[in-house]
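The next block holds one structure in the form of C-alpha cells; read it before the comments.
The values are calculated or read from the model by the stated rules, or taken from the named source; none is laboratory data. For clarity, every value in this text was computed on a predicted model and none was experimentally measured. Quick reminder, even Gly has a Cβ in these numbers, built from the backbone with ideal geometry, and neighbours come from all protein chains shown.
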Amino acid sequence: MTISETVELLRENDNFIIVSHIRPDGDTIGSSSALCYALRKIGKTAYLYNNPQFEDSYLWLAEPYIEPEGFKPSFTVSVDMADEHLFPKGFVGSVDLSIDHHPSNTFYAKKTIVWADKASCGEVVMELVKELCGLDSAVADLLYVAVSTDSGCFVYGNTTGDTLRAASELCYAGARNTFLISSFFAQVQRRDLLSKHLFLNHCVTITTEKPSLL
C-alpha cells in the first residue's frame, strides 16, 4: 500500500488497537505511540496493546496510550513486525494492517505497507502522521526515539541521508533531541563503560596478585 492508501484506510476505521512486537524496542514503541497519538488527534479511538514486556526505560512513552481493561478493538494494526512469530499471544491471524520497514515482511496482515529502504519503522509512520494530522513537538519526540533507536543513534550502517533528513525534520518540529539521546543512549554508554572499567580492574587485580605458595 501507498501512504495515501494507508491514510485513507485509517480514516475509514475506528477503535484501533496498535500492537508492538515481543521484547519491544524504541522503534516499535515510538512508532506505535506516535500513530496512536495521531489517530486520537483526528478524533479516533486508539490504544496500544498493553505489552507485558515494556521496559521501564520506554514505558513513559507508551503509558499515556495503553489500552484500558475491557477495551474491545475493531481494527488491529501491527507496527515494526515482519513476521507473526514476533507477535504477543492472541494476535496471530487477526491483523488488519501491518506497518513495517523490514524487507522480510511475510505479508501476514490483510493490508500491508512496507518501506524496505528505511532504517526504521518510525520513518514510515512519520509520513503517515504528516498526512493524518501534521507534526508537533509531542509526536516529534515519539518519532525521534523510533528513528534514532533503529539507526543506533545514527551510526549503524542502515543510516542514510533520508534517515538524517527525517531526524532533522523532527528536530524542526520540536523533538528534544539532546534530552532524548541523553535519556536513551548516554545511559547505556555509561553502563557499558562502567562494566568495561570494572572488568579491566578485575583483570589487573588477577594479573598483579602474587601467586600463592601453597
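Here are some notes:
- Filtered by the rule that a residue be among the charged types (D, E, K, R) and surrounded by 21 or more Cβ atoms within 10 Å (Cβ to Cβ), the stretch 48-96 gives a lone residue, Asp80.
- Qualifying residue in the stretch 139-152 (condition: among the acidic types (Asp, Glu) and closer than 23 Å to Tyr65 by Cβ): yes
- Verdict on Tyr47 being over 24 Å from Ala167 (Cβ atoms) and not in a loop (DSSP other than H, G, I, E, B): yes
- Neighbours by Cβ (under 7 Å, 6+ apart or cross-chain): first from the stretch 63-77, part of a helix (DSSP H, G or I); second loosely packed, with under 13 Cβ neighbours inside 10 Å: none
- Some residue of the stretch 52-71 being touching a Lys or Arg at 6+ places or on another chain (Cβ under 7 Å) and modelled with pLDDT under 95: yes
- If you go through the stretch 23-42 and keep only what is in a helix (DSSP H, G or I), modelled with pLDDT of 95 or more and either of a type in the set (D, E, K, R) or surrounded by fewer than 24 Cβ atoms within 10 Å (Cβ to Cβ) (or both), you end up with Tyr37, Arg40, Lys41.
- Ala166 meets all of the listed conditions (1) touching a residue at least 60 places away in the same chain (Cβ under 8 Å); (2) crowded, with 21+ Cβ neighbours inside 10 Å but one, namely (1).
Per-residue answers, yes or no, for (1) under 18 Å from the mean Cα position of the chain (by Cα); (2) within 20 Å of Phe54 (Cα to Cα); (3) touching a residue at least 12 places away in the same chain (Cβ under 8 Å):
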position: Pro88; (1), (2), (3): yes, yes, yes
position: Asp96; (1), (2), (3): no, no, yes
position: His102; (1), (2), (3): yes, no, yes
position: Asn105; (1), (2), (3): yes, no, yes
position: Lys110; (1), (2), (3): no, no, yes
position: Val114; (1), (2), (3): yes, no, yes
position: Glu127; (1), (2), (3): yes, no, yes
position: Cys133; (1), (2), (3): no, no, yes
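- Residues in the stretch 97-114 that are assigned to a strand (DSSP E or B) and either of a type in the set (Lys, Arg) or surrounded by fewer than 17 Cβ atoms within 10 Å (Cβ to Cβ) (or both): Lys111 only.
Residue by residue, here is whether (1) in contact with a Cys (Cβ under 9 Å, 6 or more places away or on another chain); (2) among the basic types (Lys, Arg); (3) modelled with pLDDT of 95 or more holds:
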{"residue": "Trp115", "(1), (2), (3)": "yes, no, yes"}
{"residue": "Val125", "(1), (2), (3)": "no, no, yes"}
{"residue": "Glu131", "(1), (2), (3)": "no, no, yes"}
{"residue": "Asp136", "(1), (2), (3)": "no, no, yes"}
{"residue": "Ala140", "(1), (2), (3)": "yes, no, yes"}
{"residue": "Thr149", "(1), (2), (3)": "no, no, no"}
{"residue": "Glu169", "(1), (2), (3)": "no, no, yes"}
{"residue": "Ala173", "(1), (2), (3)": "no, no, yes"}
{"residue": "Ile181", "(1), (2), (3)": "yes, no, no"}
